[in-house]
1. Can you pull out the residues in region 97-119 that are closer than 17 Å to His168 by Cβ and modelled with pLDDT of 90 or more?
2. Any residue that is at pLDDT 75 or above, within 28 Å of Ile113 (Cβ to Cβ) and outside any loop (DSSP other than H, G, I, E, B) - is there at least one of those in region 208-221?
3. Just wondering, is there one or more residues in region 158-179 that are at pLDDT 85 or above and touching a His at 6+ places or on another chain (Cβ under 8 Å)?
4. Based on what the data block shows, is Ser239 small (Gly, Ala, Ser), at pLDDT 90 or above, surrounded by 17 or more Cβ atoms within 10 Å (Cβ to Cβ) and assigned to a helix (DSSP H, G or I)?
5. Hand me the list of strands (runs of 3 or more DSSP E) wholly inside region 72-189 holding 2 or more residues that are hydroxyl-bearing (Ser, Thr, Tyr).
6. Of (1) in contact with a Pro (Cβ under 8 Å, 6 or more places away or on another chain); (2) modelled with pLDDT under 90; (3) not β-branched (Val, Ile, Thr), Glu122 satisfies all except one. Which?
Amino acid sequence: MLPYYPKFESQSKHPHGEFGRGVMNVQVLNRDLIKSTARCWLNLLIGWVWIGLLTVCCSGGCAKYLVEPDPAQIVGAGVPNPLTVAMVDRQWIMDVVSDELDNYFRIAREERIRVIDSVITEGWIETHPQMGGTLLEPWKGDSTPGFEKLHATLQTVRRTARARIIPHYDSYLIEVQVNKELEDRPQPLHSSISSRVLRHDNSIDQDREEIPVIQANRGWIPMGRDVSLEQKILQNISSRVTKHCESNPVQ
């Protein structure tokens, strides 16, 4: 009876055995190394391109998009605030101001002009906070082109508007104030710290059944007034009132 010798199959399927398998592994490693190196050089090239674009913007004609405009220059080139308009129908002027603010904000509260004991009272309109429109949201007009649009893209900002319609002899004084605020988060974004923190952007807009544990305006840093948006609103109101007076002259 012949002795039995077990046959061991080679684990390597390469025709040249273990040596060929080793060569194939080295080729795979070299290919991965080449891809990784190319990816690093591409990222470095993109970074240098961005640095070059920022340098050109800061030193060339695009600097106006990176530098906050001077409010004094905007006011000098625009309309006065408060704006003086003719004494038109009080309900119509309230509708015009409310409609203009509604193009950028949601109306929160409104007090109409009234006549009480032969005295014309003051009207006012307040809005809800509105998150600033970014470069990817061209349909939002609350962020004016230039610095404000770029600032709202790189940072989280919101605006709140308040308008006053003040009777003044035979005219109205329309005052518009747009306040801008910057978000101040209690902890970094995507941090691993776990805590029960309510968001601040919709705390005023929504009616919650639970008692809020934070103040409505907590978490936002005041940044002053947005003069460019104020001028835009006042110019539109002035244009509409002028057209109305031309089409309906006083007899």
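1. Val97, the sole residue that qualifies.
2. Filtering region 208-221 down to residues at pLDDT 75 or above leaves 219-221.
Retained after the next criterion (residues that are within 28 Å of Ile113 (Cβ to Cβ)): none.
Checked against the condition, which is being at pLDDT 75 or above, within 28 Å of Ile113 (Cβ to Cβ) and outside any loop (DSSP other than H, G, I, E, B), region 208-221 yields no hits at all.
3. So far as region 158-179 goes, yes, one or more of its residues are at pLDDT 85 or above and touching a His at 6+ places or on another chain (Cβ under 8 Å).
4. Numbers: small (Gly, Ala, Ser): yes; at pLDDT 90 or above: yes; surrounded by 17 or more Cβ atoms within 10 Å (Cβ to Cβ): no; assigned to a helix (DSSP H, G or I): yes.
Judged against the criteria, Ser239 is not a match.
5. Values: elements: 83-86, 107-111, 123-127, 157-168, 171-183.
Ranges flagged: 171-183.
6. (2)
The values are calculated or read from the model by the stated rules, or taken from the named source; none is laboratory data. Predicted model, so just to flag it, every value in this text is computed and none were measured. All Cβ positions, even for glycine, are placed from backbone atoms using ideal geometry, and neighbour counts span all protein chains on display.
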